[in-house]
Each structure stands twice: as structure tokens, then as C-alpha cells.
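**Student:** Handing you a structure now.
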Amino acid sequence: MRVAVISASLVLAFVLALSGIFDNEAMYGLIHADAQGYYGYLVAIFLEHSFNWDQVIHSYADVYFDGGGADFTVVSDLGRINKYYAGTAILTLPFFLLSCGAAFLFGFPVDGYSSPFQYGIMLSALFYSGVGMYFLSKFLEAKGIERKTALFAVVCCLFATGLFHYAISEPAMSHAYSFALFCAFLYTVQQFIQVGSQKYWIASAAIFALIVLVRPANGLVLLSVPFIAGGIEPIRTRLIQAFGSKMIFAMIVVVGILSLQSLMYVLQVGKPLVWSYQGEGFNFLSPEILNVLFSFKKGFFVYSPVAFLGAIGLVLYLFKRPKEASWLWAFLAISIYVISCWWNWYYGGSFGMRALIEYLPFFIFGLAFLIQNSGRLAKGIVITFCLLFVSVNLVQSYQYQKFILHWDGMDKDRYWQVFMQTGREYDGIFYRQEKVLEIPNDESVLSRVDFHSGFEENDNWGTQGVNTEMAFAGTKSTKLTGDAPFGSTLGVPVAALGSSGNKKLLITAQVWSEEAFPNLTIAYSYRNDSTDYGHDYIGIGQYVSKPAEWMEVKHIADLREAADTTDQWIVYPYLSNSGKVYVDDVTYEVITLKD
């Protein structure tokens, strides 16, 4: 049953990935940004046969990113090194080699990044996510959780938290692998404490070393051992039994695995110890604990809300089993404190609080404990919330991939503006708002001509939609609806647009909309008595983030060149969806640039 449930969950996640729903359409493949650094060791060693990082980076960037892509290296006094640690590359190695074989057999470039490698890295992350789910479910059962509850909890862990995103959308990042290692560590340590078998002792040592090799700060997981063991006394008993040759052998295993990173440094710069995160570190006097947990920017409980249920379960656990729970709470408090002290507390461009993905097993334990120790009604409520949070997580994962959630610019207002919104008109909404308004300076301008109307007087502007229902200033505005989508129209001779040459159109207006982000554009065309040369549409609705409020819109765009100076330039607001919009105090400034 365990293997069947976990396998079915992984298949479902893989099918969702293949469906294209969660594709990042602006990015080739799944290996990008920081992930290129984790993955770069494999390309360097097995394909480029060199730690010439320029060569490694450009083997990808020049082919798939038009020369772009991420530089994941730092220059130290000893030379240029990969900023990231080698543990993730070691864990993904089997899938990388399989991808090499598949690419060769089916005629794809054996470059580390063609389609077989993209699918290979996703299968790798899903496999390790499944490994983590397997060991976590066994650990939960060993802690007294019923099997059905344990399996429900680990399935929620996959679909209701950021683990889903890092398994299918950013599978070359380290978090799915760290999650698997944490889960395996919990189980092997628990088994060693319970049965005292040497195989679990050595396995625990090896897994701990891999945890550190993937992300050194995650070595804090060692502090969770008293919780796993149920106190200090069981640990002391087992360590006494392991003292001697078993202890020495375990230390050799740990040192041997960790020395692989030193080997990577020696091969790169000739020295075994290097601090690769130059200029970065911890601010231990300025923790950002509340932000790490609750902020709308990256807060763990905001973007993996099922973990908050887990935290409630851990409170219940503290009341029911204070001795064991106190060790767990102490471990989590220290770990979250350290994570919150990193100089960049939100850990850069990412979905949610990625630094806590590997700590999910402890919150999932809390969730399972809460379900098992609740009455029938309370249990039903918790399970209902879990299913709701699956929906929330899947939508937010989609939103992040479609740039509806900003990579580091979310706040409370923005979060609720787009909460559970999946319409394609929301794609990149905040990125478009933040687009730099590059208004040419006087030195680069040949001429400026502006046309303004507040719709109060009868001027050269048409009367389409002009009304007295709503106004920003005065008594009138121009109204657009789904049935009457055209606003007041300005028509002037092309000759009135200023000097000939490359032109830009600076649009300024006050807009009121009954819905946020209306599909509002400024449409223009050139025409004469016999020909209309086609319309261009300049989107401005992305700036209208608050419904039922007047908001200033300011946008600049290239203005297409007219066919003839005797033509007319026709320009007007246009609404291409339902709803109601009022536009007032409109200015069109035509700017002609010098050659």
C-alpha cells in the first residue's frame, strides 16, 4: 500500500508536469539560475572535461539562452570557483548518466541540457521526493502514527507545499534532495536508536554527511536527534554501544563523503578549503523570523499553508508529550533562527521560503499528529483544510511559473490582488507594472507635442463614452464597457505630431475600473479617406491594480511610423473585456527622437 500510494502520487505529479500547465514559457528547460551551479559540476566533469567555467557556462548559455544565463561562480584569491556545493550533483549523477545515454541513442545533443536531460532532472527530483515520502511515512509510523494517516500526510507534503514546485519546476535545485535526505536521516536514526543495528548507524552517518555536502547549514539537523530518540538517555546508551571501531568507521564514512567537496576545490583552484560564498554570510544580531514564517513576500506559512496546520499539531504535541516535543521545538527554533539570519533572508528569486523545504518532515509529523489526535469533527475539518491547501499550493505554483507571483516583490496588497487568479491577463502583472518608464531626456529629443483632454469642453476629441456619471476632476470622463468598448477618440493630421523621425508615445491618464487589471489599451491607427493602415494596441490595464479607485497610469511605447504625412492619426482608449472603466485627464505626448 505504501509504495502504491507514493508511486501514484509521483505519477500524478509527473503527468501534471508533462501537461504543460506549470511550464515557464519564458525559460528554456528546468535547469537555470542557481540550479546551473549545482548541476554545473556534472557538465564540467563528464562533458567538458574541464573546470573552465566560462566554457561550461557558455556551452549552455550560447545555445539555449542567446548568450545569457547565470554565472554561478565567484573569483577568490585562489581563482575562480563554483559558488555551490557538489552534493546535489552527486545525487543526480545516476539520472545524468541515463540522460547521456538517452540523448546519444535518440539523436539529441549530449550537452547536458537537451530534452533528455531536462526530463532526466525532473525524474531525478521526483524520485528523491518519493524516497523522502517513503522514509517519512515509515518514520511517522515508527512514532505511532497510523499508516493511513501517515500516507495522507506525506501525500499532502508533496502536493500542498513548495516541495511540488521544486520537484517539477525547479528540479535541479537542492531542496527535493535535501528533503529526501532529511527524511532518510529521521528514519535511520530512529531505527538505530530502536534496534541498535550497525547498518542504521553507518547509514545515518553517511546520510548526515550528504546533508552537509548538499547544503552545509542543514547540518543543524543533528540537533533533531534528541527528538527522534525521545530524549538524551537512549542516545547515550546507543553511543556507548557504538564506541570503538563502529564509531571510527562512521567517522571515516563522514569524512570520506565530505572530502568530495575538498576534491572539487582542489581540482578547481588547487586548495582543499575555500569559502565560496564571498561577501555573503549571517547577520546573527538581525534575525528576520517573522518574515521567514509569515511575510507575504516569501513566508513559509503563506506559501506552504499546510505547514501551519503542522505547527498547530506541534503545539498539541507539546501539551501531550512535553519531554519529546521540547527537543523538537528547540531544534526548530534554532534552525529557523539561523535561517532567518542569512544576509538575504528571503533567499533570492524563489517560490516561497525555499530554505525550509527540507524541514517539512517535522511539520508533516505535526500534521499527522494533529489528525490522529483529533476528534471526528476536528479531524474532518483538518482534512478539509488540507485538501483546500492542495488547491492553494497548486494555483500558487502555477502563478509563480506564469509570473503572476513576483519573484521577490510580493507584499500583502499584491498577494490578495492576485489570490487564486489564473487568467492569462494576469501573467507578468507586477513585472509589467515595474517596467522602467524610460522617458527620453531633452538632449535626445527633437520635438515634443502633447494632446490633452479632461472631456469638459467640446474640443478636437470625440464624444464617445463622454458622461457625467464619474470624473476624476471636473464633471466628465469617458466611459468604456463591454457593450461600448471605445472611448473618446482623438484624430489629428500626422503633420501635427511634430518632426519626422523615430517616435515614442507617452500616455498619462487617470483610470477607474470596477475590476482590477482590466484589459484596457490605447489603440491607434493611421488612415486616410480610402485606407486604414491597421491598429496597434498599447496595454495600460496592468497598472490598475485596485478596483473602484482612481489610479494614475503612465506608460511609454514606440509609436509606429505613418505611411504619409497627409494621413490622420486616430487614437482612443479601448476595453476588450467586460466590466466598466472610466478614463479621465488623458494626455498623449508624442516625442520625436534625434537620430
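**Student:** Stick to Cα atoms and the Kirkwood definition of Rh, then tell me Rg/Rh for the range 258-416.
**Tutor:** The Rg/Rh ratio comes out at 1.06.
**Student:** Now for a separate question. For the range 312-402, go through all pairs of different Cα atoms, get the mean of 1/r, take its inverse, and jot down that Kirkwood value in Å.
**Tutor:** Hydrodynamic radius (Kirkwood, Cα pairs) of the range 312-402 is 15.1 Å.
**Student:** Over the chain, what percent of the accessible surface lies on carbon and sulfur atoms, probe 1.4 Å?
**Tutor:** Whole-percent figure for carbon plus sulfur exposure: 60.
**Student:** At most 15 other Cβ atoms within 10 Å and a DSSP loop assignment: could you name the GluC sites (Glu not before Pro) in the range 511-595 that fit?
**Tutor:** E514, E515, E549, E561
**Student:** Mind pulling the angle between the C-alpha long axis of helix 306-320 and the longest principal axis of the chain? Nearest 10 degrees, somewhere in 0 to 90.
**Tutor:** 40 degrees
**Student:** A further question follows. Do the sum for the chain: with -39,500 (n - 2.57) for every DSSP H run of n ≥ 4, divided by all residues, what is the mean residue ellipticity at 222 nm, to the nearest 500 deg cm²/dmol?
**Tutor:** Per the formula, -15000 deg cm²/dmol.
**Student:** Next question. In whole Å, what are the Cα extents of the range 188-277 along the three principal axes, biggest one first?
**Tutor:** 45, 26, 15
**Student:** Let me ask another. Report the dimensions of the range 470-538 along its three principal axes from the alpha-carbon atoms, largest first, rounded to Å.
**Tutor:** Result, largest extent first: 38, 25, 23 Å.
**Student:** Considering only the other residues whose Cβ falls under 12 Å of the Cβ of V5, what net charge follows from Lys and Arg at +1 and Asp and Glu at -1?
**Tutor:** Around V5, the charge tally is +3.
**Student:** Trypsin sites (Lys or Arg not before Pro), restricted to the range 365-448: which are DSSP loop and have at most 16 other Cβ atoms within 10 Å?
**Tutor:** K435
**Student:** Using only Cα atoms, figure out Rg for the range 485-590 and give it as a multiple of 2.2 N^0.38 Å.
**Tutor:** 1.10
**Student:** Quick check: the angle from helix 232-242's long axis to the longest principal axis of the chain, C-alpha only, nearest 10 degrees?
**Tutor:** Once rounded, one gets 60 degrees.
**Student:** Using the Kirkwood radius built from alpha carbon pairs, what does the Stokes-Einstein equation give as D for the range 216-336 at 10 °C and 1.306 mPa s, in µm² per second?
**Tutor:** Estimated diffusion coefficient is 88 µm²/s.
**Student:** Still on this structure, please answer the following. Per residue, what accessible area does the range 1-81 have, given a 1.4 Å probe and all protein chains present, in Å²?
**Tutor:** Each residue of the range 1-81 exposes 47 Å² on average to a 1.4 Å probe.
**Student:** Along the Cα→Cβ direction, 7 angstrom out, place labels at M551 and N283. What is the inter-label distance in nm?
**Tutor:** 3.0 nm
**Student:** Give me the percent of Cα-Cα pairs in the chain that sit more than 34 Å apart, rounded to a whole number.
**Tutor:** Within the chain, distances greater than 34 Å cover 53 percent of Cα pairs.
**Student:** What percentages make up the Cα-Cα pair-distance distribution of the range 135-197 when the bins are 5 Å wide from 0?
**Tutor:** 4, 18, 21, 23, 17, 10, 6, 1
**Student:** Follow-up question, since we're still on this one. Taking the alpha-carbon set of the range 417-520, what are its Rg and Dmax in Å?
**Tutor:** My reading of the Cα-based Rg and Dmax gives 17.1, 48 Å.
**Student:** P(r) for the range 26-185: what percent of alpha-carbon pairs falls in each 5 Å bin, starting at zero?
**Tutor:** P(r) over the range 26-185, rounded to whole percents: 1, 9, 17, 20, 17, 12, 9, 7, 4, 2, 1, 0.
**Student:** For helix 115-142, report the angle its Cα long axis makes with the longest principal axis of the Cα atoms of the chain; keep it between 0 and 90° and round to the nearest 10°.
**Tutor:** Result, in degrees: 50.
**Student:** Quick one: how many Å² of D567 are accessible to a 1.4 Å probe, rounded to 10?
**Tutor:** 0 Å²
**Student:** Also: How are the alpha carbon pair distances in the range 15-75 distributed across 10 Å bins from zero to the largest one, expressed in percent?
**Tutor:** 21, 49, 23, 8, 0
**Student:** Determine, for each peptide in 133-142, 256-265, 522-531, the mean count of other beta carbons within 10 angstrom over its residues, then list the peptides with the highest first.
**Tutor:** Ranked from most to least packed, the peptides come out as 133-142, 256-265, 522-531.
**Student:** Further, regarding this structure: How big, in percent, is the set of alpha carbon pairs in the range 359-440 lying more than 14 Å apart?
**Tutor:** 71 percent
**Student:** Dividing the Cα convex hull volume of the range 91-233 by residue count, how many Å³ per residue is that?
**Tutor:** Here the figure is 121 Å³ per residue.
**Student:** Taking the square root of 5 times each eigenvalue of the Cα gyration tensor, what semi-axes in Å does the equivalent ellipsoid of the range 23-115 have, largest first?
**Tutor:** Equivalent ellipsoid of the range 23-115: 21, 16, 13 Å, largest first.
**Student:** Give me the 1.4 Å probe accessible area per residue for the range 103-181, excluding ligands and nucleic acids, in Å².
**Tutor:** 28 Å²
**Student:** Leaving out ligands and nucleic acids, note down the accessible area per residue over the range 377-467 with a 1.4 angstrom probe, in whole Å².
**Tutor:** 56 Å²
**Student:** What translational diffusion coefficient, to the nearest whole µm²/s, does the range 62-129 have by Stokes-Einstein, given a Kirkwood radius computed over alpha-carbon pairs, a temperature of 37 °C and 0.692 mPa s viscosity?
**Tutor:** Reported coefficient: 239 µm²/s.
The values are calculated or read from the model by the stated rules, or taken from the named source; none is laboratory data. Just so you know, these numbers come straight off a predicted model, no measurement behind them. Don't worry about glycine lacking a Cβ; one is built from the backbone with ideal geometry, like all the others, and counts go over all protein chains shown. Heads up: the accessible areas ignore ligands, DNA and RNA and are worked out on the full protein's heavy atoms, side chains in. Shrake-Rupley method; radii C 1.70, N 1.55, O 1.52, S 1.80 Å.
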